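See below for the structure under consideration.
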Amino acid sequence: MSHIYGAMHYFFGVGFIVCSLFMFTNYYIGDTTTVTETYEIVDRSSMPGNKHNRSKRQPLIRIRYQKKIKELVFSYQYYKMMEFYNTVELETRKGYLGYDIIENKTLKL
């Protein structure tokens, strides 16, 4: 039985280290030039806040990013005006391993 627990700890520990190295490499060695683009909002919904603030709903905005539907979650302060926003402005940069990194996101009327 102890072999199973040992293997489990080893698997999760090594997995965490590999995942962390992957994320670190993509983020810190990536390109520093940012690109700002505007995307039209495809759909809107909301999700509950954190454990202690369930009533503070957060807007969930869907956009078409590189031919795929992506979801962006914004702070609860944007919830009341969520229906009035038409576009999202994303400031992104290329990561070292080819994955995009979102530097900033802004809702636009």
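The values are calculated or read from the model by the stated rules, or taken from the named source; none is laboratory data. Not measured: the values here are computed from a predicted model. Cβ atoms come from the backbone with ideal geometry, glycine included; neighbour counts cover every protein chain shown. The accessibility values were calculated without ligands, DNA or RNA, using every heavy atom of the protein model including side chains. Shrake-Rupley method; radii C 1.70, N 1.55, O 1.52, S 1.80 Å.
General observations
- Residues satisfying the stated conditions in region 49-77, i.e. over 17 Å from the mean Cα position of the chain (by Cα) and surrounded by 11 or more Cβ atoms within 10 Å (Cβ to Cβ): N53, K56, R57
- The test for being free of Cβ contacts under 8 Å to residues at least 40 places away in the same chain, part of a strand (DSSP E or B), open to solvent by less than 80 Å² (accessible area, probe 1.4 Å) and over 23 Å from D31 (Cβ atoms) does not hold for L107.
- Where a residue in region 71-86 is closer than 16 Å to Y39 by Cβ and its partner, wherever it lies, is assigned to a loop (DSSP other than H, G, I, E, B) and open to solvent by 90 Å² or more (accessible area, probe 1.4 Å), with Cβ under 7 Å and at least six apart: Y85/L109; N86/L109
- Some residue of region 30-47 being surrounded by 10 or more Cβ atoms within 10 Å (Cβ to Cβ), free of Cβ contacts under 8 Å to residues at least 12 places away in the same chain and of a type outside the set (K, R): no
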